[in-house]
Structures are given as C-alpha cells and as structure tokens.
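Here is the structure we will look at, set down as structure tokens.
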Amino acid sequence: MDLLTQEILPEDYFIVDEPYYESVADEIQIFEAAYNNQLPVLLKGPTGCGKTRFMEHMAWRLKRPLITVSCHDDLTASDLVGRYLITSGETVWVDGPLAKSVRAGAICYLDEVVEARKDTTVVIHPLADDRRVLPMEKKGVVLQATDNFCLAMSYNPGYQSIMKDLKQSTRQRFVALEFDYPGIVLEQKILEIEAEINAELAKTLVKFAHMTRNLKGNGLDEGASTRLLVHAALLIKAGVNPVAACQSAIAQALTDDPEMLSAINELSASLF
C-alpha cells in the first residue's frame, strides 16, 4: 500500500472565481454531505442541463482542485491510471488524471462515463467503495486516497442502450443526483444572467426550447438544452437575426435531418 503525501497541483486546477450556478433542488447539500462522508457521486441528466457547471461550482465551494476527464470509446485504464513513457532515452512513469487526483486529494470528474470502454470503468470500483484505493498494476503499488479525494461521474440516461449503460456493480457504489432542465422561470433567469439579455428575449427563447423538447421521441433525441439557449442568446446579442441564431446554435446542433430542421426553423420563425 502506497500511503502518499499530498501532491501539489498547478493553480489552473483550482477554480478561483465562483462559477454561476442556480440550485434547482437540494443537490448542493447532498453533494457536500457525500463529500464529507467520502462517498462517490453520480450525476444523471440530459446534455447541457448544468452537470459540468455544477461540478465546477462544487469544486469552488469546497476549495478543491478539479480534474475533468471527457470519456470516449478509446479511453483505456492506462489513460486514467498512468503509464510508462520513454522520455529523453529514459523510461519514466506518468500519472493519469485519476492517479493524479488521488495523490492530490482532488475532485476527479469522469464526464459521460458510459462512453468509456466497460473494462475501463472497472478500475474505479476500488476507489468507489470503502477501500478508496487505486491499484496501479504496472507499478505494483496501491494508492490510498486521501480524505479530500472525491470521485464523481456523469452520464445521460436518455442515451441508454444495451451497449452503453452502467453496470449495477458500478451504479450501486454511488450516491446519485438527478438533473434536468430548470423550470421556466429559473431558466429565463439563467439566460438573462449568463447571456446578459433582456427578460422578453429570455422568455421567448425558453418558450422555443420547450417546443423543441416536446419533439423528443418524435424525431429528436433531445430538445434544446439550456446550454444551446445561451449560445443562441449570445449570437442574438451580437446582432445575429434571431431566426438565424436559433438555426445555427440550436437546430443544426440537434439534428441533420432535413425535415426536422425545417420543422424546428418554422417553430423559431413563428416566435421571432
């Protein structure tokens, strides 16, 4: 067992300024309680609903460094834990983001974890139960996480399939927080603050978003997210025609199907 001293991470892993985040329910309280009791956290919710911003806010709130890993099909266990590399003719060990987080007592956030290979997620199991250890098989050591270390990961249940779903053996190690798009009033407030737009424009954009969300399952996998609404609002604020802004920032981001694009563009034209 490797009982480590805390590694010092560069300043850019720390979030200095408070990220803007509006609490929807009791997610902040639950995350803090989970962190204080050394429990890993799973964030569930659609794309663009604020999961990553929430993690940034909690890292700032807890004054811990945040290391984010965007998971993908080619992500291997070595990518997370580390590997030997040849540098200047010498073989040296280089920690992966998970090992770096364990050593530094950081928050490690695995974004869209179901995109990673299933054999990769198994490496987190010893970290996600009461052992809180990270086996480094290639080095023949086991890292013991410090009290400050926190493991968090996210996924979008809307994209579940037989091939891309979390195993029960993984899910049941985590405290789960369910996220969704904010209510109408709160989403309008978020747009007003994030994009610095007036209340009338924010109200219209949110109404448009709900129209697209009603198409989920009827030609769209997802409706317009809060993130996409912010993108459209920024384009409009910069002088882009609202219909063109919605087409570029929202419609084209949601689908490539010509019929669905036409339908979404008609919705925006009816509002603007």
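Test Glu90 against the stated conditions and say whether it is free of Cβ contacts under 8 Å to residues at least 12 places away in the same chain, in the same structural domain as Leu166 (by TED's automatic domain parsing) and surrounded by fewer than 20 Cβ atoms within 10 Å (Cβ to Cβ).
yes
Checking Glu7 against (1) charged (D, E, K, R); (2) modelled with pLDDT of 95 or more; (3) within 20 Å of Ile124 (Cβ to Cβ); (4) more than 15 Å from the chain's Cα centre (by Cα): exactly one of these is not met. Which one?
Single failed check for Glu7: (2).
Which residue out of Leu220, Leu215, Leu234 is assigned by TED's automatic domain parsing to the domain that holds Glu266, in contact (Cβ under 8 Å) with a residue 12 or more places away in the chain and within 23 Å of Tyr20 (Cα to Cα)?
Exactly one of Leu220, Leu215, Leu234 is assigned by TED's automatic domain parsing to the domain that holds Glu266, in contact (Cβ under 8 Å) with a residue 12 or more places away in the chain and within 23 Å of Tyr20 (Cα to Cα), namely Leu234.
Tell me, which residue of the stretch 35-51 that is assigned to a helix (DSSP H, G or I) and buried (at least 20 other Cβ atoms within 10 Å of the Cβ) is nearest to the chain's Cα centre (by Cα)?
Looking at residues that are assigned to a helix (DSSP H, G or I) and buried (at least 20 other Cβ atoms within 10 Å of the Cβ), I get Lys51.
Can you find even one residue in the stretch 142-161 that is more than 16 Å from the chain's Cα centre (by Cα) and either assigned to a helix (DSSP H, G or I) or aromatic (Phe, Trp, Tyr) (or both)?
Checked the stretch 142-161: at least one residue is more than 16 Å from the chain's Cα centre (by Cα) and either assigned to a helix (DSSP H, G or I) or aromatic (Phe, Trp, Tyr) (or both).
Take the stretch 234-272 and flag every residue that is part of a helix (DSSP H, G or I), surrounded by fewer than 17 Cβ atoms within 10 Å (Cβ to Cβ) and among the polar types (S, T, N, Q).
Ser248, Gln252, Ser262, Ser270
Could you figure out which of (1) free of Cβ contacts under 8 Å to residues at least 24 places away in the same chain; (2) over 25 Å from Pro157 (Cα atoms) isn't true of Ala269?
The number of the failed condition is (1).
Go over the candidates Val102, Val142, Val123 one by one and state the one that is under 24 Å from Gln38 (Cα atoms) and either hydroxyl-bearing (Ser, Thr, Tyr) or touching a Phe, Trp or Tyr at 6+ places or on another chain (Cβ under 7 Å) (or both).
Going through Val102, Val142, Val123 in turn, the sole match is Val102.
Would you please list the contacts, defined by Cβ atoms under 9 Å and residues six or more apart or on different chains, that run from a residue in the stretch 187-204 that is outside any helix (DSSP H, G or I) to a residue that is surrounded by fewer than 16 Cβ atoms within 10 Å (Cβ to Cβ)?
Qualifying pairs under 9 Å: Glu196/Lys237; Ile197/Lys237.
Being assigned to a strand (DSSP E or B) and closer than 21 Å to Gly140 by Cα is the filter; apply it to the stretch 88-110 and report the residue that is nearest to the chain's Cα centre (by Cα).
Residue satisfying both the conditions and the ranking: Asp95.
The values are calculated or read from the model by the stated rules, or taken from the named source; none is laboratory data. On a predicted model such as this, the values are computed, not experimentally measured, just so you know. So basically every Cβ, Gly included, is an ideal-geometry build from the backbone, and we count neighbours across all protein chains shown.
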